[in-house]
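What follows is a single structure, written as structure tokens, with notes after it.
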Amino acid sequence: MRFETVIGLEVHVQLNTKSKIFCSCPTSFAEHQNTNTCPVCLALPGALPVLNLEAVKKAMLFGNAVNATVNQKSIFNRKSYFYPDSPMAYQISQFDIPIVEHGELFVDLEDGSSKRIGITRAHLEADAGKNIHDGSISKVDLNRAGTPLLEIVSEPEMRSSEEAVAYLRKLHSIVRYLDISDANMQEGSFRCDVNVSIRPEGQEEFGTRVEIKNINSFRFVAAAIAYEVARQTEAYEDGIYESEVYQETRLWDVAKNATKSMRGKEDSADYRYFPDPDLRPVLVSEEMMEEAKHIPELPDAKVARYIQELGIKKDDALVITALKEMAYYFEEMLKSNINPKSAVTWLTSELLGRLNKAGLDITASPVDAATIATLISKIESDAVSGKGAKDVLDYMMENDERNIDTIIDKLGLAQVSDDGAILAIIEAVLNDNQDKVNEYKSGKDKLFGFFVGETMKRSKGSANPAKVNALLKEKLS
Amino acid sequence: MITLKVALTKTKEELAEIKSELENLAKASDLNAYIGFENSGEGVPILIKDNIQVNGWSVTSGSKILQGYIAPYDATVITKLKSSGMMAFGRSNMDEFAMGSTTESSFYGITKNPYDISRVPGGSSGGAAAAVGGGIAIAALGSDTGGSIRQPAAYCGCVGMKPTYGRVSRYGLAAYASSLDQIGPITQNVEDAAILYDIIKGHDPRDSTSADIEDSKTVINENRKLTIAVIDNYISEASSDIQKAYSDTIKALQDAGHTIVHKNMQNTKYDIATYYILATAEAATNLARFDGVRYGRRAEASNVSDLYYNTRSEGFGDEVKRRILLGNFVLSSGYYDAYYLKAQRVRHLIRDEFNTIFNEADLILSPVAPSVAPKIGAVHDPLEMYKSDMYTIAINLAGLPALSLPVAKDSDGMPIGLQLIAKAFDEQTLFDGAASMEKAVKYTK
């Protein structure tokens, strides 16, 4: 029997507001535990939450970026559960009416196709603190408690781990373009829960969904899905699907490369949601609704524009737009009016190759976009050869000098394109090698390369090779 | 005891003397109205219910679970007192987490009624009302979720006022039921109530439910002629003494030139059911934070679930546990629609019913409680106690302002209070009517 995998994703994105969602404590890193706290996020008696509108604005930007409905009225609910990192013993979260509903995004698959994945909803909520276990002692740090989260819930429309990872990459890139989150998986500002089920191919009804929580890399997402699909398929084939696969929460165990059950069947949680009486319904003004429509150009739009307006290949456009910083770097380069295709080559192969070797990412590049664009324009004006330009870039990776002309001079890479100067060298070469000239003329064509090499050598590599070729052809004909 | 109005004319030195005199009186008293003698700020001493946060004070909501907790901040009302020539002086006893109508459920023991120490002072702000009624406080701040200011004020022969929901900041009031709680004054007369109300009211950006609307200083005009509605079908459930005081008061109001209109309202049993569903649902979550993890009294335990279980089992009293259980039940999946959602709908109907009456009347006159203060220990059955809130809780459900004032005494000399209810945010009319009624009924202590 063949099975179909059904995947839905819940992603918790920490919004990069300056203060927490329900109090004015900073969200920034604190050196000591429990210092970014106040009566509200410590849940002291009498303290009351007040909604941070910046978090609402960021959620609305996201809604517009994924073609969703942004609800002008939304509601915060209390979601009750006891856990030491949850100071009120309820989380303030949107349940009845989320701020964002009915969105979509398009994922790019390896075969070059694109697939629409529905976004059911995205709602605002407060993050929990952290429990720290230290031998027999457990400690609670509430610095993170109250950090705004946007929980983005997809439709169960992904059918493979490839699609799931592509969805996550796209989502990651969108929130980064919108500048609503740092979206750092390792640091926990982009956290992912995966819902996986299988069903026999052709069956319409969904199988039993298992949730895998808090996976902190795209690679582990793929591995966890693969493991879970194998586990569920095996259970089905062994006739124990009903008893083995039930609605539960599992965790990805990195060490064992397996998912494991987090809590038993019998403890299915009843969160007892109801509207939080401390917060009135969120009513967004017309002005804010309008403001949230101003979103920066997103990766899909950039890819389309790069292909259409700049004549760039789709694969290159996807590479450049995968990272916001890369796209911005690229667009910064183009401001110097260089050929977009040269910009692509120099960015994606020359610069990225060198950065990878140095273990740096684009944001830490020692050479900025304007400088590398100047270098490219020097190639275009024949002031330096392509090969010479690579030497210039190598030099800049190691040194602080950024004046391209100075470096070209310093390295002796100035390219001679002046016909007279090149002709003088050619004539000298031909005079000194009269015998070879005769051999060439009697049919030994291969010697042409020798004349080119000799000319270049005598120019110390500074002659423009195209010019050398052309002038030699003329002289020897 | 001197009134708040008079106290506000005293010098710093005189006030210091008044404060120490008050402290001596309170310490000598056998009412158990005060559970602490902390003081903060300077000026006219105001007694503070034990659920209002005062920076540096032990503030415990009358509960064992908050023993050891020191509040690190001032409630907004305390900040306002301190900047208005007043100080916070003393903590008043209360039913644990304001859940009760007798002040018998306090961790600090029962408070006694100043008119008869074999009787309860009412609740939950029983300590505050007993102290003001018993002459050992100039004025006090209480909180009213279902009558917790008005009912003890009525039992103890003083004035208790619940502002419109949203009029006074709840920031710093340990929450019982967030959509119903309001802080308000308990005073010796109507004028003092208006003075204290004026000081504590106003929009507070720290409380999202506080109303951001203009409001001017209250200037009482006791000569305004008002239309006052009486709810005829309400009164039959009250004792004969209350019924008599009620009809006498109606007569006095007519004699003072007010117009009386007769109305009926739906049965109060819907109010009680609605209140005990919504209030307990909110309370169950509001009290979930008392888990022994961060502050207050922590029970011995070797793992986290025992920590919760033991801390809450040992720290909460029976009535609090009963309401937490009830609240969690009505919010449970499968029951939510039948209880919580239905109660919300009924709440809207109750509000609409009041608004309909206010189309024709400026104020409503109603009993505060169906009887005078009961004997200590007389109320055994929780449902019996809940029923005694029948006249007060609808006002909280509708979010309206109301003021209770003494109008007469029964044959045992126990005070009887009646309440006036006004439109939302029309405290001005409430005080005008109350001042006129206070004069008309000629109540003597």
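The values are calculated or read from the model by the stated rules, or taken from the named source; none is laboratory data. Being a predicted model, the structure only gives us computed values, none of them experimental. All Cβ positions, even for glycine, are placed from backbone atoms using ideal geometry, and neighbour counts span all protein chains on display.
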Handout entry: Qualifying residues in the range A:12-23 (those that are surrounded by 24 or more Cβ atoms within 10 Å (Cβ to Cβ) and among the hydrophobic types (A, V, I, L, M, F, W, C)) - the one nearest to A:Arg209 (Cα to Cα)
Key = A:Val13
Exercise for the section: Could you please let me know if A:Glu125 is assigned to a strand (DSSP E or B) and surrounded by 21 or more Cβ atoms within 10 Å (Cβ to Cβ)? Expected result: yes
Completion exercise
Among B:Leu307, B:Leu278, the single one that is in contact (Cβ under 8 Å) with a residue 12 or more places away in the chain and within 25 Å of the chain's Cα centre (by Cα) is B:Leu278
Exercise for the section: Within the range A:104-118, track down each residue that is buried (at least 18 other Cβ atoms within 10 Å of the Cβ) and either under 18 Å from A:Val282 (Cβ atoms) or of a type in the set (D, E, K, R) (or both). Expected result: A:Asp108
Practice task
Taking the residues in the range A:63-88 that are more than 14 Å from every other protein chain (Cβ to nearest Cβ) and in contact with a Ser or Thr (Cβ under 9 Å, 6 or more places away or on another chain) as candidates, determine which candidate is farthest from B:Ile70 (Cα to Cα).
Solution key: A:Gly63
Problem - Selection status of A:Phe82, surrounded by fewer than 19 Cβ atoms within 10 Å (Cβ to Cβ), free of Cβ contacts under 8 Å to residues at least 12 places away in the same chain, within 19 Å of B:Asp291 (Cβ to Cβ) and not basic (Lys, Arg) - result: yes
Practice task
Kindly indicate whether any position in the range B:28-36 is away from chain A (no Cβ under 14 Å), more than 28 Å from B:Gly146 (Cβ to Cβ) and surrounded by fewer than 17 Cβ atoms within 10 Å (Cβ to Cβ).
Solution key: yes
Handout entry: Checklist (1) more than 14 Å from chain A (Cβ to nearest Cβ); (2) not in a helix (DSSP H, G or I) applied to B:Arg91, failing item
Key = (1)
Fill in the blank from the handout: Expected output for the range A:356-379 (first residue without any contact (Cβ under 8 Å) to a residue 60 or more places away in the chain and surrounded by 14 or more Cβ atoms within 10 Å (Cβ to Cβ), partner in a helix (DSSP H, G or I) and among the polar types (S, T, N, Q), Cβ below 6 Å, 6+ apart or cross-chain) is A:Ile376/A:Ser342
Handout entry: Hits in the range A:94-121 - residues which are out of contact with any Asp or Glu (no Cβ under 9 Å at 6 or more places or on another chain), closer than 18 Å to A:Pro299 by Cα and not in a strand (DSSP E or B)
Key = A:Ser113
Exercise for the section: State whether one or more residues within the range A:14-34 are on the phi > 0 side of the Ramachandran plot and either within 14 Å of chain B (Cβ to nearest Cβ) or free of Cβ contacts under 8 Å to residues at least 40 places away in the same chain (or both). Expected result: yes
Exercise for the section: Report, by residue number, each residue of the range B:137-183 that is away from every other protein chain (no Cβ under 14 Å), assigned to a loop (DSSP other than H, G, I, E, B) and in contact with a Gly (Cβ under 9 Å, 6 or more places away or on another chain). Expected result: B:Ala137, B:Gly147, B:Ser148, B:Ile149, B:Cys156, B:Gly157, B:Cys158, B:Pro163, B:Thr164, B:Arg167
Problem - Matching residues, the range B:48-88, being farther than 23 Å from B:Ala130 by Cα, touching a residue at least 24 places away in the same chain (Cβ under 8 Å) and assigned to a strand (DSSP E or B) - result: none
Practice task
Could you please find all residues in the range A:42-61 being away from chain B (no Cβ under 11 Å) and over 13 Å from B:Ser208 (Cα atoms)?
Solution key: A:Glu54, A:Ala55, A:Val56, A:Lys57, A:Lys58, A:Ala59, A:Met60, A:Leu61
Handout entry: Condition check for B:Thr259: modelled with pLDDT of 95 or more, within 21 Å of the chain's Cα centre (by Cα) and of a type in the set (Ser, Thr, Tyr)
Key = no
Practice task
Could you tell me whether any residue of the range A:246-264 is closer than 28 Å to A:Leu178 by Cβ, surrounded by fewer than 17 Cβ atoms within 10 Å (Cβ to Cβ), at pLDDT below 95 and not basic (Lys, Arg)?
Solution key: no
Exercise for the section: Collect the residues in the range A:132-173 that are over 18 Å from A:Gln14 (Cβ atoms), part of a strand (DSSP E or B) and of a type outside the set (Lys, Arg), keeping them in residue-number order. Expected result: A:Ile132, A:His133, A:Asp134, A:Ile137, A:Ser138, A:Val140, A:Ser154, A:Met158
Exercise for the section: Please state which one of B:Ile78, B:Ile65 is modelled with pLDDT of 95 or more and over 26 Å from B:Arg298 (Cα atoms). Expected result: B:Ile78
Problem - Subset of the range A:89-106 [within 14 Å of chain B (Cβ to nearest Cβ) and in contact with a helix residue (DSSP H, G or I) (Cβ under 6 Å, 6 or more places away or on another chain)] - result: A:Ala89, A:Tyr90
Handout entry: Filter result for the condition that a residue is out of contact with any Asp or Glu (no Cβ under 8 Å at 6 or more places or on another chain) and surrounded by fewer than 24 Cβ atoms within 10 Å (Cβ to Cβ), over B:Gly142, B:Gly157, B:Gly135
Key = B:Gly135
Completion exercise
Within the range B:43-87, the residues that are closer than 22 Å to B:Met1 by Cβ, hydrophobic (A, V, I, L, M, F, W, C) and within 14 Å of chain A (Cβ to nearest Cβ) are B:Ile48, B:Ile52, B:Val54, B:Val77, B:Ile78
Fill in the blank from the handout: Condition set over 23 Å from B:Val190 (Cβ atoms) and over 23 Å from the mean Cα position of the chain (by Cα), scope the range B:215-237, selection nearest to the other protein chains (Cβ to nearest Cβ): answer is B:Asn233
Exercise for the section: Kindly provide the set of residues from the range A:1-27 that are within 19 Å of A:Val282 (Cβ to Cβ), assigned to a strand (DSSP E or B) and among the polar types (S, T, N, Q), ordered by number. Expected result: A:Ser19
Problem - Meets criteria (surrounded by 17 or more Cβ atoms within 10 Å (Cβ to Cβ) and more than 9 Å from chain A (Cβ to nearest Cβ)) for B:Phe290 - result: no
Handout entry: Identity of the residue in the range A:24-50, crowded, with 19+ Cβ neighbours inside 10 Å and under 30 Å from the mean Cα position of the chain (by Cα), that ends up nearest to B:Gly296 (Cα to Cα)
Key = A:Asn36
